[in-house]
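Engineer: Please find one structure pasted underneath; my questions will follow.
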Amino acid sequence: MNLDRIDLNLLVYLDVLLREGSVTRAAQQLGITQPAMSNGLRRLRDLFNDPLLVRTSEGMTATERALELQPVVRKALGELEAALQPLEEFDAQSSHRVFRIMVSDYAESTLVPELVKRLRDVAPNVILDVLTPSDVTFKDVEAGKVDMAINRFDEMPQSFHQMTLWQDDFVCLVNPDHPLAGAFDIDAYVASNHIWVSKTGMGAGVGIDPEKVIRLGWVDNALSKLGHKRKISVFTRHYQMPALLAHNNDLVATLPRKVADMQAEAASLLVKEPPFPIPPFELKMAWSPLLQHHQAHRWLRRVIVDVAQYC
């Protein structure tokens, strides 16, 4: 294949087509007409001698050849973008840039307040747009529409860059008047009613089935391995709720230590070590390879990592 005869715009077209899985959405993303994008797809098919995208009952589906090309094309475009970036550093003091970050409720409760405080000091004109996991999909992050996703990820696309911000473990919040607070062993834990709190997945949330332990997360998986199951009375996706609900003296909230320590003091609740081992988890930030070399984005990552050390 003679590279001199290849229109590099076609690689941009291919990257967006494979990311969006739709000629219409790809055209909208690039700001061109649908016929122009269709013509680009035809030229790509001729270039690679492969249909690349095939219409199926589930929409446009990438061929095996397209899936092989996708990470190669994305890496090449990312390196090209890096080479074309201006050499000057991002001027945080004068910037009016809007940074969009998706954070879980856990991260919003622990990291974001300190991050905002730091930004007010070092970048007073920068605007922070905080989104929830229900607002964002992995495709949005991959396309660079969202600067950063900060969450506890069970899985993420292999193309993403990622970094661990910290590790946290679990503790229990209980009312001092809870009848079992004085003898908080595993039997007391199982005999109590519980508050479940979590929202780590991307995209719109769905209802919880209390019978499907595997869907309930770290705490219930750990308890299940010991042959126990807790009785969950309240399901919530917001970390500000457990302290309010735990004032009921028959409820126990098991949640990350960083959140529990913040809430216990203000709400006059007891922090108890769980009477069984629960694996810790990592809070990670992830971002698109398209933003890896962007000066403003690199600055934001450095700020977030620094702030996380003090949370």
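The values are calculated or read from the model by the stated rules, or taken from the named source; none is laboratory data. The shown structure was predicted, so the numbers you read here are calculated from the model rather than taken from an experiment. Counting neighbours? That spans all protein chains shown, and the Cβs are built from the backbone with ideal geometry, glycine included. What goes into the accessible areas is simple: the full protein's heavy atoms, side chains included, and nothing from ligands, DNA or RNA. Shrake-Rupley method; radii C 1.70, N 1.55, O 1.52, S 1.80 Å.
Engineer: Looking at (1) in contact with a Ser or Thr (Cβ under 8 Å, 6 or more places away or on another chain); (2) over 23 Å from Asp220 (Cα atoms); (3) not in a helix (DSSP H, G or I), find the lone condition where His293 falls short.
Structural biologist: Failing condition for His293: (1).
Engineer: Among the residues of region 149-181, which ones are without any contact (Cβ under 8 Å) to a residue 40 or more places away in the chain and either among the aromatic types (Phe, Trp, Tyr) or within 22 Å of Leu226 (Cβ to Cβ) (or both)? Quick ask: steps written out before the conclusion?
Structural biologist: First, the residues of region 149-181 that are without any contact (Cβ under 8 Å) to a residue 40 or more places away in the chain: 155, 157, 180.
Scanning region 149-181 gives a single hit, Leu180.
Engineer: Could you check region 56-76 and list, in sequence order, the residues that are more than 26 Å from the chain's Cα centre (by Cα) and of a type in the set (Ser, Thr, Tyr)?
Structural biologist: Thr56, Ser57, Thr63
Engineer: To continue, here is another question. Answer yes or no as to whether Ile186 is open to solvent by 10 Å² or more (accessible area, probe 1.4 Å) and more than 19 Å from the chain's Cα centre (by Cα).
Structural biologist: Values: open to solvent by 10 Å² or more (accessible area, probe 1.4 Å): yes; more than 19 Å from the chain's Cα centre (by Cα): yes.
Yes; evaluated as a whole, the condition is true for this residue.
Engineer: Now for a different question. Among the listed residues Val190, Val197, identify the single one that is at pLDDT 80 or above and more than 30 Å from Asp140 (Cβ to Cβ). Show your work before the answer.
Structural biologist: On the way: Val197 fails: more than 30 Å from Asp140 (Cβ to Cβ).
Criteria check complete, one pass: Val190.
Engineer: State the number of residues belonging to region 208-233 that are modelled with pLDDT of 80 or more and of a type in the set (A, V, I, L, M). So that I can check it myself, show each step before the final result.
Structural biologist: First, pick out the residues of region 208-233 that are modelled with pLDDT of 80 or more: 218-233.
Filter again for of a type in the set (A, V, I, L, M), leaving 219, 222-223, 226, 232.
Adding up the residues that qualify gives 5.
Quick grid of which residues meet (1) in a loop (DSSP other than H, G, I, E, B); (2) surrounded by fewer than 19 Cβ atoms within 10 Å (Cβ to Cβ); (3) in contact with a Leu (Cβ under 6 Å, 6 or more places away or on another chain):
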{"position": "His228", "(1), (2), (3)": "yes, yes, no"}
{"position": "Tyr239", "(1), (2), (3)": "yes, no, no"}
{"position": "Val252", "(1), (2), (3)": "no, no, no"}
{"position": "Leu255", "(1), (2), (3)": "no, no, no"}
{"position": "Lys258", "(1), (2), (3)": "no, no, no"}
{"position": "Pro277", "(1), (2), (3)": "yes, yes, no"}
{"position": "Val305", "(1), (2), (3)": "no, yes, no"}
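Engineer: Testing Asn175 on (1) open to solvent by 30 Å² or more (accessible area, probe 1.4 Å); (2) in contact with a helix residue (DSSP H, G or I) (Cβ under 9 Å, 6 or more places away or on another chain), one condition comes back false. Which one is that?
Structural biologist: (1)
Engineer: Evaluate region 103-115: report whether one residue or more is aromatic (Phe, Trp, Tyr) and in contact with a helix residue (DSSP H, G or I) (Cβ under 6 Å, 6 or more places away or on another chain). Walk me through how you get there before you give the answer.
Structural biologist: Step one: of region 103-115, the residues aromatic (Phe, Trp, Tyr) are 106.
Adding the requirement that they be in contact with a helix residue (DSSP H, G or I) (Cβ under 6 Å, 6 or more places away or on another chain) leaves none.
Scanning region 103-115 turns up no residue that is aromatic (Phe, Trp, Tyr) and in contact with a helix residue (DSSP H, G or I) (Cβ under 6 Å, 6 or more places away or on another chain).
Engineer: Can you tell me which residue among Asp50, Asp91, Asp46 is in a loop (DSSP other than H, G, I, E, B) and loosely packed, with under 13 Cβ neighbours inside 10 Å?
Structural biologist: Of Asp50, Asp91, Asp46, the one residue that is in a loop (DSSP other than H, G, I, E, B) and loosely packed, with under 13 Cβ neighbours inside 10 Å is Asp91.
Engineer: Hey, can you tell me all the residues within region 53-67 that are open to solvent by less than 30 Å² (accessible area, probe 1.4 Å) and in a loop (DSSP other than H, G, I, E, B)? Please lay out each step first, then the result.
Structural biologist: Within region 53-67, the subset open to solvent by less than 30 Å² (accessible area, probe 1.4 Å) is 53, 59, 63, 66.
Within region 53-67, just Thr63 meets the criteria.
Engineer: While we're on this one: Can we say Asp7 is free of Cβ contacts under 8 Å to residues at least 24 places away in the same chain and in a loop (DSSP other than H, G, I, E, B)? Can you show your working first?
Structural biologist: Values: free of Cβ contacts under 8 Å to residues at least 24 places away in the same chain: no; in a loop (DSSP other than H, G, I, E, B): yes.
No; evaluated as a whole, the condition is false for this residue.
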